[in-house]
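Beneath this line is the structure, given in structure tokens, with notes to follow.
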Amino acid sequence: MNLYRKIALFLAVMGPGIITANIDNDASGITTYSVAGARFGYGLLWTLVPTTIALVVIQEMIARMGVITGKGLSDLIRENYGIKAAFFMMLGLLIANFGNTVANLAGWAASMEILGLSKYIMIPVGAISIWMLVTKGSYRFVEKILLFACLLYFGYVISGLMAKPEWGPVLKSTFVPQLRWDSEYVMLSIAIIGTTITPWMQFYLQSSIAEKGITKEQYKASRLDVIIGCSITDIISFFIIVTCGTLLFPHGIRINEASEAALALKPLAGDYAYLIFSLCLANASLLGAIIVPLATAYYICEAMGWEAGVNKTFKDAPQFMWIYTLTIALASIVVMIPGAPLVFLMVLSAVINGLLLPFVLVYALLLVNNKKLMGEYTNPKSYNYISWSTIVVIICLTVFFVVTIIMPEGGKI
Amino acid sequence: MPFFGELFVSEILKKPVLDPKGEELGRVKDLLVVRGEALPKISSLIVEKKRKLFSLPWADLNIFNKRIISANIYSESLKSYEMSEEDLLLVRDIFDKQIVDANGAKVVRVNDVKLEGFNTEAVLIAADVGMRGIMRRLGVERGGEDLMRVLRGNLPYNLISWDYIQPLEPKLTAISLTIPRQMMSELHPADLAAIISQVSHKEGATFIKDLDVETAAEMLSELEPDTQAAIITGMDTEKAADIIEEMPPDEAADVLSDIPAEKAHEILGNLEKEDAEDIQELLGHEEDTAGGIMTNEYIAYSPEMTVKEASDRFKVNARDVETVYYIYVLDKDEKLIGITSLRELLLAEPDCLIADIMETNFKTVSPGEDEMVAAGIISKYNLLALPVVDENGYMHGIVTVDDIIDILLPPSAKRKRRKV
């Protein structure tokens, strides 16, 4: 009991950064890393290093804002840039996150199918249990489940180690960048950044830090939490790429989905790798499907000033409950309808995410440099150079990404 | 001295202001608000022309409605204006901010503000916190009405009268009325806690400042530990000490154990000696043990006392003690030898001795025992409180049933609002 409690207390301080970063590796993230590993082997590993740095730079600012102002990002945007900015941002977030939820439920469906369970049973089961868990479950119970789910990600580390890669080439590819002017290569490296740095996680991180009531005095611990979280995310990504790069790439196996990776691993690496990959995908998808709709409902209600809370009824918090419930319900239906435009929805969601990200980041940078809000905690000058250039690079890449998604032909270099 | 009926502020923003000849003086950018007689009023319009700001006093306006705004003066006599943090500007400082609706006891966001003509002034009559306000700001109020008509519903107005608004910003608090503050103090502490847990700690601190110490202490007890700690840490030591003093010692100890040691020390230094000692004693116990959740405020009398003496004493002691249903009987060495209840005390003959009515067969728990064991005993024997007694028989405090319920079933404000 006592030891358990100490661990729990440790996790209480170290929570938001690590959990946010873990959920960032949702179904679409895992898909991107698996595809990258199978298609280019270790060739794209190096992109993880600059991505991690960019992620840390951004998340640190967001975390600092949460600590100092005690408010979420959507509150701050609404209060400082007015209702129009907040409204369109939230509308974009709603659509993009609907797409994310579809992607996650599709990931859940795919992982269940390859385990031999029909998606027509597992989708309703998954969706209803998520809904019940969040609206009827006690907070402590939900938190325990989330923390346990975060631990399951380490399955990917195990599978990476079991693949027995040659560490020499792996490390070399990680730290020595290789540039290739191949459109698929460029697209995938941008996609890695795009699935790692998303708009919704900035909102989520800042709110959960504000919510925790982390004070200025504890800010250093919080920064460490963010850095550890970002590193863990990318270590998981690293092992996914390593697994697929070691086992699938040499055989020339090309995949388009994370579930295909699990299937392809079966004959090559045996049942364990197959089980780990499908269970981890199921876990990540479900975790994403729990958090993303919930987070969306929270930010929207906060920005608009509507009552929010999971233990409220449809009568007390109608907007909140309807946004949350409809996101899950509609996303489940979309995944189950045969021939529904799943790919279109996911592409749409990626495009909207890409379009939102520059706004979110620019607003965040302007807010973090606002003396009235941040006092002495604004960015130091040198840090501003780093963050502005990081953001400019990300914005250029995402714009490029969006353009190539919308016009695949024009995107060829 | 312009006369007008009523309008929403968003309807006049960016509208041109004309001089007597019909030339444009500038466009409405903001409104300066000052304290009025009953309600806050508009003292001047801030207009913008060619990126420069000018202030146009209310008295110089001629017509003021949502179609036409015109002034008595020409552009030469306009005074230039510079944004100042001291001024209260309606759009900058009130729009989009959170306020507390004292009537409904919840936190809402201001979408729009309704002005009304009162004598010769324009006063802030209500805040629009509904869907209609959002649509009006986005410029689609008409469209929303049409849509709802198609859906056979209507778009309700959701206005909160300014009488019931309790602002969260210090600057706004200065112009607010006393009615909401009184209403706030009458709310149940658990409702107040729910409001506090929805706003940032800075705003929470402003909010608490307006409450009287007793209400603030009761409300603080209802919050989850992290929020308690953050609020107390952010307060100045004296006010924090006043609030801590009002809290039952066990809860005070819980709060102090969660805040930085230095601050806790300062606060303890500011308490009355007796209170500080009580709290310090409790701070020595592990958090999840019976000692950690007990309180050392209880009623204890000597066995030689008569029932009459005890009842008289009880009337004095019971004022400051939270749990009064059991009376503990201690011998000269402060060892617990018996327990009697308030019922027994009331029913007994006045000249009976306490020793005669006390129960000597009672349950106790030792200070180091796990809190769940204490919970088990309380549940099994249907107790309201359980004495904490060490191996030598000395009484340290009592574990009360409400603390046990908080462990088993945290009240909603103590649960986190959002999933981590």
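Each of A:Met304, B:Leu56, A:Val343 was scored by the projection of its Cα onto the charge dipole of the protein assembly as shown, and the greatest displacement toward the positive side belongs to A:Val343; charges sit on the C-beta of Lys, Arg, Asp and Glu.
With bins 10 Å wide beginning at 0, the percent of Cα pairs of the protein assembly as shown falling in each bin runs 2, 11, 19, 20, 18, 14, 9, 5, 1, 0, 0.
Tell me, what is the percent relative contact order of the range A:2-406, built from C-alpha pairs under 8 Å that lie six or more residues apart?
36 percent
With a 10 Å cut-off around each Cβ of B:281-287, the average count of Cβ atoms from other chains is 1. Counting charges near A:Ser173 (Lys, Arg +1; Asp, Glu -1) among other residues having Cβ under 15 Å from its Cβ returns a value of +1.
Relative to the Cα centre, the charge distribution of the range B:187-284, modelled as +1 at Lys and Arg Cβ and -1 at Asp and Glu Cβ, gives a dipole magnitude of about 480 debye.
Need one value for B:192-199: mean number of C-beta atoms belonging to other chains within 10 Å of its residues' C-beta atoms.
Details: counts 0, 0, 1, 0, 0, 3, 4, 3.
Taking the mean over all residues of the peptide, I get 1.
Restricting the range B:311-420 to trypsin sites (Lys or Arg not before Pro) that sit in a DSSP loop and have at most 11 other Cβ atoms within 10 Å of their own Cβ leaves B:Arg319, B:Lys332.
Give me the angle, in degrees from 0 to 90, between the Cα long axis of helix B:249-258 and the longest principal axis of the Cα atoms of chain B, rounded to the nearest 10. Helix B:249-258 sits at roughly 60 degrees to that axis. Applied to the range B:183-194, the Karplus parametrisation 6.51 cos²θ - 1.76 cosθ + 1.60 on θ = phi - 60° returns per-residue 3J(HN,Hα) values of 4, 4, 5, 8, 5, 5, x, 5, 5, 4, 4, 5 Hz, with x for Gly and Pro. How tilted is helix B:273-283 with respect to the longest principal axis of chain B? Cα atoms for both, answer in degrees (0 to 90, nearest 10). Long axis of B:273-283 versus the principal axis of chain B: about 80 degrees. Quick one: grab the alpha carbon gyration tensor of the range B:1-183, order the square roots of its eigenvalues as a ≥ b ≥ c, and give me rounded if a/c is under 1.5, else prolate or oblate depending on whether a/b is larger than b/c. Oblate, because a/c is 1.5 or more while a/b does not exceed b/c. For B:Ile337, neighbours were defined as the other residues whose beta-carbon sits under 11 Å from its Cβ, and their charges (Lys and Arg +1, Asp and Glu -1) total -2. Just report the Cα centroid separation between the range A:109-180 and the range A:196-245, whole Å. Between the Cα centre of the range A:109-180 and that of the range A:196-245, the gap is 16 Å. Ratio of Rg to Rh for chain B: 1.16 [Cα atoms; Kirkwood radius as inverse mean 1/r over pairs]. Mind checking the dipole of the range B:1-74: about its Cα centre, +1 per Lys or Arg Cβ, -1 per Asp or Glu Cβ, Debye to the nearest 20? With only Lys, Arg, Asp and Glu charged at Cβ, the dipole is about 320 debye.
Applying both filters, DSSP loop and at most 16 other Cβ atoms within 10 Å, to the chymotrypsin sites (Phe, Trp or Tyr not before Pro) of the range A:208-271 eliminates every site. Distances between placed amide hydrogens fall under 5 Å for B:Ile327 paired with B:Thr340, B:Ser341, B:Leu342, all partners being 5 or more residues away or on another chain.
Phi angles across the range A:22-29 convert, under the Karplus curve 6.51 cos²θ - 1.76 cosθ + 1.60 with θ = phi - 60°, into 3J(HN,Hα) values of 4, 5, 4, 7, 8, 3, 6, x Hz, Gly and Pro given as x. Using every pair of separate Cα atoms, the Kirkwood estimate puts the hydrodynamic radius of the range A:72-152 at 15.4 angstrom. In this structure, the pairs whose alpha-carbon distance is over 25 Å, taken from A:Lys372/B:Lys171; A:Lys84/B:Lys79; A:Lys119/A:Lys312; A:Lys381/B:Lys202; A:Lys84/A:Lys372, are A:Lys84/B:Lys79; A:Lys119/A:Lys312; A:Lys381/B:Lys202. Positive end of the dipole of the protein assembly as shown (Cβ unit charges, origin at the Cα centre): among B:Gly338, A:Tyr377, A:Thr195, the Cα lying farthest that way belongs to A:Thr195. The alpha carbon centroids of the range B:260-320 and the range B:16-91 are separated by 60 Å. Against the empirical curve 2.2 N^0.38 Å, the C-alpha radius of gyration of the range A:2-406 lands at a ratio of 0.94. When chain A is treated as a GNM with alpha-carbon contacts under 10 Å, the residue of A:Val134, A:Val368, A:Val125 showing the greatest mean-square fluctuation is A:Val125. Within chain A, the longest run free of exposed loop sites, counting trypsin sites (Lys or Arg not before Pro) that sit outside DSSP helix and strand states (H, G, I, E, B) and have at most 13 other Cβ atoms within 10 Å, spans A:1-179. Taken residue by residue and averaged, Cβ atoms of other chains lying within 10 Å of the Cβ of B:87-99 number 2. Note that the range A:281-365, at 20 °C in a medium of 1.002 mPa s, gets a Stokes-Einstein diffusion coefficient of 146 µm²/s from its Kirkwood radius over C-alpha pairs. Springs between Cα atoms under 10 Å define the GNM used for chain A, and in it the highest mean-square fluctuation of A:Gln178, A:Gln206, A:Gln319 occurs at A:Gln178.
Projecting the Cα atoms of B:Leu13, B:Gly204, B:Ser185 onto the charge dipole of chain B (Cβ charges, centred on the Cα centre) puts B:Leu13 farthest toward the positive pole. Its Cα centre serving as origin, chain A has a Cβ charge dipole (Lys and Arg +1, Asp and Glu -1) of approximately 620 debye. Loop-located GluC sites (Glu not before Pro) in the range B:311-420 (DSSP state not H, G, I, E or B) with no more than 14 neighbouring Cβ atoms inside 10 Å: B:Glu334, B:Glu391. Backbone phi angles across the range A:368-377, fed through the Karplus curve with coefficients 6.51, -1.76 and 1.60 (θ = phi - 60°), yield HN-Hα couplings of 5, 9, 7, 4, 4, 8, 9, x, 7, 9 Hz in residue order; Gly and Pro are listed as x.
The numbers here are math on the coordinates, done by the rules we state, and not lab data. Keep in mind that what you see is a predicted model, and the values were worked out from it rather than measured. Using ideal geometry, Cβ is built from the backbone for each residue, glycine included, and neighbour counts are taken over all protein chains shown.
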